[in-house]
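First comes the structure, then the notes that go with it.
The values are calculated or read from the model by the stated rules, or taken from the named source; none is laboratory data. Quick caveat, the model's predicted, so the values are computed rather than measured. Ideal geometry is used to build each Cβ from the backbone, glycine not excepted, and the neighbour counts take in all protein chains shown. Surface accessibility is based on the protein's heavy atoms, side chains included, excluding ligands, DNA and RNA. Shrake-Rupley method; radii C 1.70, N 1.55, O 1.52, S 1.80 Å.
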Amino acid sequence: MAKKPVTSRRGRFLKLAGMTASVAGQYAGQRARRMFRSENDEGAQSESYTRMAGQIVDTLGELKGAVMKVGQIASQTQDFLPKEFSEALQTLQKEAPPMPFEVIVEQIESELGKPVTELFEYIQEKPYAAASIGQVHRARLYDGTDVIVKVQYPGVDESCDSDLKQLRMTLKLGGLLKMPKEAVDQLFGEIRERLKEELDYVNEADNIQLFRQFHQNDDWVIIPSVVDSHSTRRVLTLELVEGDHVSEVTPERYDQDTINLIGQRIFTTMADQLFRFQCIHGDPHAGNFAYRPDGSIIMYDFGCVKKLKPGIVESYRKALVAALEEDYQALDRHLIALGARVESQPAVDEAYYAMWRDILIVPFNQDEPYDFAEADLHKHVAAKTSTVFKYLDYFKPPVESIFIDRMIAGHYWMLKRLGVQAAFKEELEKYLKLSEQAGPG
């Protein structure tokens, strides 16, 4: 049976405060124990981190909302948390446990001002999907249109700011934020801004319209349309457009050529949004995409959209060009322009850049198709994460481009799960040249 949610601001605060006190106590105990050891016991530290991480994940999963969303973002921004936390937080990416149906009905009626029976011919009690800030139910309008109704959990928007403050304090008191205060301020400021947008379904409806317009000539990109009469700030009703989840893309229904075509289209969609539209779908996980055997891609959930500054896109493009050309002095300059590198620190050793470039460039540096099913870039990255600590003071989370990194990482996992075989070298070079000709603007 679904658990009654903690929706009051006071209830959420107390729950998070309890988590913070426990984590801070564990951290203090860990530091005290370390003083009496002749050498740093990494195994004990890892065990302590795992225990803290488990507690944080359980609390965030139960509270949903802003804190759960931050947990999901943090799991993809693995350079500022110990690996035990990144790994535990990844469990928050999986589908959340649903809210009780009566809570959902109450929210719909309060937002749309009518009984559910007047609004819909029927609405299914079992959720179509459940996520961090809301859940989706299948329904039918009285004119026969099949729709999905996305309903925001009560209390999530009002508690967003206090939730974020409390989570930040937990990470700080747990000794988990290994960044200067200014970088933490920037990072949480960016997350807060995106969350505020995501909590406003009117904003999401506008985003859907923008992306439908941008992709109007791509007949293989399908974005469901909004039913305005049944949508408000906390309820969003969309036409029902169904496709296959990545787990249903099987050899029985999708041959390798179709999978490769879908892979090419995923890459094109991502590159078009980044370099041409300068506005990206910022939440690219498996639940937000579906596929059809004709090669179509269906995109859902436009709550998290990042409009990029032209200067940021241009610096990103230049950084990619410099990496491809192995011009590491130029790469260093462009990373400073991106806000990813601390300008006051001396130049980074070129061998350090070369190491990361050689790992990350693999799918884009060969003329033969790259087999994403066999891709192990993530393992090579994980194996080198210890080297990050040597340059910890040289880098900071690139606030303006953090969602670009998130988008690229999300697409890598989609291509891997689909088992795409494709060569993107030529296409990437075209986009890098195209952007150069277009220039910022």
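Scanning residues 5 or more positions from Leu240 or on other chains, those with amide H under 5 Å from its amide H are Asp146, Val147, Ile148, with H placed 1.01 Å from N in the peptide plane. For the set Asp257, Asp218, the ranking by accessible area, highest first and with no ligand, DNA or RNA atoms included, is Asp257, Asp218 under a 1.4 Å probe. When all alpha carbon pairs of the stretch 371-415 are counted in 10 Å bins from zero, the resulting P(r) reads 22, 42, 32, 4 %. Pairs spanning more than 24 Å between alpha-carbon atoms, out of Lys181/Lys318; Lys196/Lys309; Lys165/Lys416; Lys150/Lys309; Lys309/Lys390: Lys181/Lys318; Lys165/Lys416; Lys150/Lys309; Lys309/Lys390. Solvent-accessible area of Tyr142, all protein chains in place: 130 Å² (probe radius 1.4 Å, heavy atoms, ligands and nucleic acids excluded). Computed with a 1.4 Å probe over protein heavy atoms only, the accessible area of Asp393 comes to about 110 Å². A probe of 1.4 angstrom, applied to the heavy atoms of all protein chains, finds Thr250 with accessible area near 40 square angstrom.
The charge dipole of the stretch 137-293, taken about its Cα centre with unit charges on the Cβ atoms of Lys, Arg (+1), Asp and Glu (-1) only, comes to about 580 debye.
Which trypsin sites (Lys or Arg not before Pro) does the stretch 342-432 hold that lie in a coil by DSSP with at most 13 other beta carbons within 10 Å? Those satisfying the criteria are Lys384.
Surface exposure of the stretch 261-398, expressed per residue as accessible area with a 1.4 Å probe, stands at 44 Å². Along the stretch 125-140, what does the Karplus equation 6.51 cos²θ - 1.76 cosθ + 1.60 (θ = phi - 60°) give for ³J(HN,Hα), rounded to whole Hz, x for Gly and Pro? Per residue, the Karplus-derived 3J(HN,Hα) values read 6, 6, x, 6, 6, 10, 10, 6, 10, x, 9, 10, 10, 7, 8, 9 Hz. Please work out whether the stretch 250-334 counts as rounded, prolate or oblate from its C-alpha gyration tensor, where a ≥ b ≥ c are the square roots of the eigenvalues and a/c under 1.5 means rounded, while otherwise a/b larger than b/c means prolate and anything else oblate? Oblate is the answer for the stretch 250-334, as a/c is 1.5 or above yet b/c matches or exceeds a/b. In terms of its alpha-carbon gyration tensor, the stretch 212-301 comes out oblate; a/c meets the 1.5 threshold, while b/c is at least as large as a/b.
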